[in-house]
Amino acid sequence: MAELDDFIGQEPQPVDDDLFKEPVKKRRRSDRDQRFRAFPSMEQSALKEYEKLESRTRRVLSNTYQKLIQSVFLDDNIPSGIKYLINRLLALIEKPSLDPIYIGLFGSTGAGKSSLINAIIQQAMFLPVSGENTCTSCIVQVSSGCRDQYEAKIHLLSDQEWKEELKNLTKLLHETEELDKEEDAWDRDDAVEEAIWKLQVLYGNGAESKNYEELLRAKPKGKIPTSRIITLKAEEAGELSVKLDPYIRAQRRDCSAESAGTQIWPLIKHVEVTLPKSELIPEGVVLVDIPGTGDFNNKRDEMWKKTIDKCSVIWVISDIERVSGVRAHEDLLNESIKACQRGFCRDIALVVTKTDKLHLLEYLRERKVGNQAIQSQREAVLERNETLKLQRSRILKEKLKRKLPADSKVLETSDLVYTVSAQEYWQQALLTEEETEIPRLREYIRKQLLDKKRRMVTKYVTEAFGLLLLTDSFNSTDNLPNEYLHMSYLRRFVEEKIQLLEKIIDQCFAHIEQPLEEGVRNARTSYRRILSGCLVRSKGNQGFHQTLKAVCLKNGIYASRTLARIDLNEAITQPIYEQIDPVFGGIFRTGKATGSALMPHIDAFKHSLQEKMTEIGIRNGWKYDSCKKNFLIQEISAILGGLEGHILRKKRRIYESLSISVQNDLKSCYEEAAQITGKKACERMKDVIRRGVDRQVAEGMFERAQERMQHQFQQLKNGITEKVKGSISTMLTLASSQGVGLYKELADVKSEYKEMEKLYRSLREVAENAVLRRGMQEFLLRMSPSKVAPQPQNTTLIPGTQPQGSEK
Ligand SMILES: Nc1nc2c(ncn2[C@@H]2O[C@H](COP(=O)(O)OP(=O)(O)OP(=O)(O)O)[C@@H](O)[C@H]2O)c(=O)[nH]1
């Protein structure tokens, strides 16, 4: 502890010699304090300690880097070992401090996402809330920055992207003109309504009757900047909100579109909003409002999927009235679980909104739980929240268990369900601020950031220390006896280990074979039923004709803002996904070693190399203390460290290979169906699709999908072994460079090494401090008088005023 204090106390205190000028250090420090305002003091202390560790490590790295380049600057021939060191130092220095944490709020329109974000950031009317005529029209990202201003960047589709959409929209409108009157005339469906609306908004009334070429020549009503980005700035939240409103609020079709924003609405791809330093969402966290269905435009739909995949946390947002048994809710959950399979998502929670909505008499009549008499609306709401949490947690856990490996981290979380009320957060007529659970969600956000910071700094400092050990060891003038003999021995050993690794990877991936096989069998027997489910509507073909056309124009996928997403390719491959899901998750999980998991085998491979290096080092008589002995071992981790990221990126490709393969095979059949116009077009399109799928299945469509997935697995294996081989040869170069005496004149980095060693040791102390503080806090909480349920307040606060809560 003394050492940590020592280390933290090292920063020279600013001398206030000029009272009117704020000293730079002090200013920097207060900037740091500002950034952590969102955190309670205990968490602030931990964060500050980690930040200091990181910034000092960066300083040591910079100094070392400068010394190194100075010492080799004029050399003609820089030895490969030194080049390696210089590049590694630079990469570490330039490494960004913390990648943002994306928290996706994923829910159907009207579920309460925007209201929830507003409550979390404590700006009652910031993001537009869906009234009767409006809804959020695109993905909106909200984060806080270090500036004093509010800023929004509106990203538009590129010219090319819009042209592509325009082509599809006009195809959809004009090739369906000769409709069979009986079939569709009175009921234009969603796809066509939306297409007409988009064209009218952009080009004015009558645009829907123009063809593609005419529209290409037409001038849009609104002004479109060439940069395709519109930046809005404001001093106050309310001011930005007013400016932003027309861009992210999609008016319903019957409203006139007169403001600049509404006139270009169909072109908006996504919106980024940056708040000034926020007390409530810390810098580094991005809240993303993701509409539930995807988008008709290819680029936007791709972005929709990518956005879901880049979220490390997904909150599935569901209105209390729709959380049970509604198809849209199940679809959202399934999509989120898929994101866990293919993307970076590690955590899912269900956030049930609008929990204030309760009809007391109905509730009491139907109430099955609880013996106590319910006296008030508030008691009923709280009781229902508890019941809902238990029930929904159980259902969600079961669902996750079926899809994800049994020891997935998300299954260990106790808090899978949150019951919130954004309305009550502001009004507090029924519930206290705590009971609205908005503060719990903020706590969740902070915890995510703190955990990530801890992991990142620990890794960073450890890696930097390893590099300094290596740099310092290069200055050794000790010559190693039998150096080359040992090197060739090491090389042989490594080659054998790589062969073994290849075999083990094969065994890991072999676990997918049987479920894949079974999935293909199931898909063959059930595809007709599934396809019928997608193609037959309970109310007949009325209004379905153009939607189906849109599905075909988009190769089997149709996403509109109002209908449930249709993806024929995914639907017919679903039986395969059902079989492979748990095994797939098992292969790519991190953590506990099991037969099918890949990462633990890679770790084991790494350890075996490390052990061998130590053994050789000892035999070679490396005169290092126990710490220095680890220098190469440390670096092996860094060299192989990039593998995990590589595997994670490939995982998505592998997972999607099944539906993409099916989509490719069905392409010609979709194209044929999309051409159909005239009488009974809808039935004829369905026929073409059915026959096309039948033909492809008979010709081995599912087997081809199976092969493509196997091929992707094989490619991953090749990628891993290639990467490992490349890394190992770097490592061997380093091992053989060491101690050859080439680097006698290399700069002396002893003092940097010593400082880095100190920082490395402080890591443990910072972690211990955090545990200690947490223990003390828990103790104090236990000792404090138990909380009495606060009385509801009768006063209704005006939105925008600050409710007095425990957090502030
Ligand atoms: N009673 C009640 N109504 C709420 C609450 N939260 C949101 N609402 C209402 O629900 C409607 C939809 O809320 P939004 O926040 O716009 O929902 P959204 O999910 O962002 O909807 P889109 O913008 O269409 O994606 C609005 O009329 C809100 O006033 C709540 O906690 N309680």
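The values are calculated or read from the model by the stated rules, or taken from the named source; none is laboratory data. Given the structure is predicted, the values throughout are model-derived calculations rather than measurements. Ideal geometry is used to build each Cβ from the backbone, glycine not excepted, and the neighbour counts take in all protein chains shown.
Things to note:
- Failed condition for K459, given (1) at pLDDT 85 or above; (2) farther than 20 Å from S41 by Cβ; (3) buried (at least 21 other Cβ atoms within 10 Å of the Cβ); (4) not small (G, A, S): (3)
- Filter result (at pLDDT below 90 and not charged (D, E, K, R)) within segment 408-433: S408, V410, L411, T413, S414, L416
- Being touching a residue at least 12 places away in the same chain (Cβ under 8 Å), in a helix (DSSP H, G or I), over 30 Å from V242 (Cβ atoms) and away from the ligand (no atom under 16 Å from the Cβ) is not true of L98.
- Residue within segment 312-326 that is among the small types (G, A, S) and surrounded by 21 or more Cβ atoms within 10 Å (Cβ to Cβ) present: yes
- Flag if Q423 is touching a Ser or Thr at 6+ places or on another chain (Cβ under 8 Å) and either outside any loop (DSSP other than H, G, I, E, B) or among the hydrophobic types (A, V, I, L, M, F, W, C) (or both): yes
- Checking each residue in segment 486-518 for being over 22 Å from I720 (Cα atoms) and either among the hydrophobic types (A, V, I, L, M, F, W, C) or in contact (Cβ under 8 Å) with a residue 60 or more places away in the chain (or both) picks out H486, M487, Y489, P515, L516, E517, E518.
- Checked against (1) exposed (fewer than 15 other Cβ atoms within 10 Å of the Cβ); (2) hydroxyl-bearing (S, T, Y); (3) farther than 24 Å from V536 by Cβ, S661 passes all but a single condition, namely (1).
- Failed condition for Q160, given (1) without any contact (Cβ under 8 Å) to a residue 40 or more places away in the chain; (2) within 16 Å of the ligand (Cβ to nearest atom): (2)
- Residue pairs meeting the criteria (Cβ under 6 Å; at least 6 apart or on separate chains; first more than 15 Å from L47 (Cβ to Cβ), in segment 753-782; second in a helix (DSSP H, G or I) and charged (D, E, K, R)): Y753/D472; L759/R56
- Looking only at residues of segment 102-114 that are over 15 Å from S143 (Cβ atoms) and under 21 Å from the mean Cα position of the chain (by Cα), we find that the one that is farthest from the ligand (Cβ to nearest atom) is F106.
- Single residue of segment 350-402 satisfying the filter (more than 16 Å from the ligand (Cβ to nearest atom) and in contact (Cβ under 8 Å) with a residue 24 or more places away in the chain) that is nearest to Y418 (Cα to Cα): K389
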